[in-house]
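A.B. asks: Can you read through this structure? Questions will come right after.
What follows draws every value from the coordinates through simple rules; no lab data is involved. This one's a predicted model, so the numbers in the text were calculated from it and none came from an experiment. Note: ideal-geometry Cβ built from the backbone for every residue, glycine included; neighbour counts use all protein chains shown.
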Amino acid sequence: MSFKRRVSIVNYKAIGMVPEDYKCDHCEAHGVKLWRQFQTTADQTNLLCAECAEVEGREANHKHWQSPFKKGIGKQIGLYIPAIPIEGDNTYWEIPIPEDGWAWWNSLPVNNN
Ligand SMILES: [Zn+2]
């Protein structure tokens, strides 16, 4: 596999500040919560917004499929987990994610609507 991207460098104290390249690979939504593929290296993962991850989940399952996140009972969307960059580093947290990482991610809206 070839190099896909560097992971965005974030500063957790800058709540609501989103790196330019932290955006959805499908619809290019920016400034929103993103998810990444579970157990995929940081430079190879897809980054998807909630809606695009839901679409992938429906395509992989059935047209009425809904993620735990959509149902309000978790953060996972199919094979996607929250994409929370490790502060000042170019990789993402695996579970467990520390509180300040959650705080940064939770400050972002689900979508731009
Ligand atoms: Zn999207």
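A.B. asks: Could you check the stretch 83-96 and list, in sequence order, the residues that are crowded, with 21+ Cβ neighbours inside 10 Å and not aliphatic (A, V, I, L, M)?
C.D. replies: Passing the criteria: Pro85, Tyr92.
A.B. asks: Suppose we keep only residues that are within 12 Å of the ligand (Cβ to nearest atom) and β-branched (Val, Ile, Thr) within the stretch 15-62. Which one would you say is farthest from the chain's Cα centre (by Cα)?
C.D. replies: Among those that are within 12 Å of the ligand (Cβ to nearest atom) and β-branched (Val, Ile, Thr), it is Val55.
A.B. asks: Glu20: in a loop (DSSP other than H, G, I, E, B) and surrounded by 12 or more Cβ atoms within 10 Å (Cβ to Cβ), yes or no?
C.D. replies: no
A.B. asks: Please enumerate the residues belonging to the stretch 70-113 that are in contact with a helix residue (DSSP H, G or I) (Cβ under 7 Å, 6 or more places away or on another chain) and not in a strand (DSSP E or B).
C.D. replies: Lys70, Gly78, Ile84, Trp93, Val110, Asn111
A.B. asks: Pull up the stretch 27-68, narrow it to residues that are touching a helix residue (DSSP H, G or I) at 6+ places or on another chain (Cβ under 7 Å) and part of a loop (DSSP other than H, G, I, E, B), then point me to the one that is surrounded by the fewest Cβ atoms within 10 Å (Cβ to Cβ).
C.D. replies: Step by step, filter the stretch 27-68, then rank; the result is Trp65.
A.B. asks: Here's something else I'd like to know. With (1) within 12 Å of the ligand (Cβ to nearest atom); (2) touching a residue at least 40 places away in the same chain (Cβ under 8 Å) as the list, and Glu87 as the residue in question, which single condition is left unmet?
C.D. replies: (1)
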